[in-house]
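Below you'll find the structure, written out as structure tokens, and then a few comments.
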Amino acid sequence: MRRLVCLFAIVALIETMQAQQPNSSSASSTTTTATKDVSYDNDVYGYGNVFAGPAFATGGSTHKLAGTAGVTLGLFQAKSRKWGFGTTPVFELGVIGPIPAGRSLDGLFSANGMFTSTVTHHEAFPFFTAGYTRVFVTGNALNFGTGIDLGNRKSDRLIRIEFRDYYLFSSSQQNIVELRMAFGSAFSDN
């Protein structure tokens with residue numbers, strides 16, 4: 001997990017450094033048009049995706065191969081020509097299983113915050129997400145993960161590769177770690 005977080009931090013640092021570098025063609029045009037007002041996009045992009053992936057579930061002395069599948073809906077706050085991170089809401093609805101101390105298949109709902117790069121002209125967007133998950137029959141969980149969105153948010157196609165960890169704490173302590181892949185679409189409010 002530490003390696004994934006370090007990878008996320010390195011990619012984010014590279015993105016911010018690239019966003020701060022002046023473009024040689026735009027630098028010459030700004031010197032000639034110094035009075036021109038530069039506008040910044042502050043668009044909100046919605047997105048939805050369908051995800052699935054293998055998982056590994058542990059609980060007590062039980063270890064099982066598992067899987068997850070579902071849909072995600074969320075928002076991106078895009079700020080072009082600026083750098084940094086934004087926080088946006090993400091909601092998931094899906095299935096997970098088998099769970100070591102629960103059913104062979106259980107539903108889940110997650111409400112998360114997603115911390116992501118706000119540089120819109122890149123095509124790789126690292127992110128970190130964390131939040132609350134309700135596994136319908138089994139109980140409550142905390143989840144966290146990191147990954148990367150591939151594709152231009154101004155277009156309508158995104159591919160997501162994500163590592164996610166669900167820590168179920170309400171009944172017996174269980175941990176479900178997954179690697180998921182998602183295919184989705186982004187749409188603008190404009």
#### Entry: Karplus 3J(HN,Hα) series, Hz, for region 125-136 with 6.51 cos²θ - 1.76 cosθ + 1.60 (x for Gly, Pro)
10, x, 8, 10, 9, 7, x, 9, 10, 10, 8, 3
### Query
What list of ³J(HN,Hα) couplings, whole Hz, do you get for region 55-72 from phi and the Karplus terms 6.51, -1.76, 1.60, once you set θ to phi - 60° and write x for glycine and proline?
9, 10, 10, 10, x, x, 9, 9, 10, 9, 6, 9, x, 9, 7, x, 10, 10
### Query
Between Y132 and F187, what FRET efficiency comes out of the Förster formula 1/(1 + (r/R0)^6) with R0 = 41 Å and r the beta carbon distance, rounded to 0.05?
0.95
### Message
Cβ neighbours within 10 Å, averaged per peptide: list 58-71, 126-139 in order, most packed at the top.
### Response
126-139, 58-71
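Each value in this text was obtained by applying a stated rule to the coordinates, not by laboratory testing. Because the structure is predicted, anything quoted here is derived from the model rather than measured. Please note: Cβ atoms are built from the backbone with ideal geometry, for glycine as well, and neighbour counts cover all protein chains shown.
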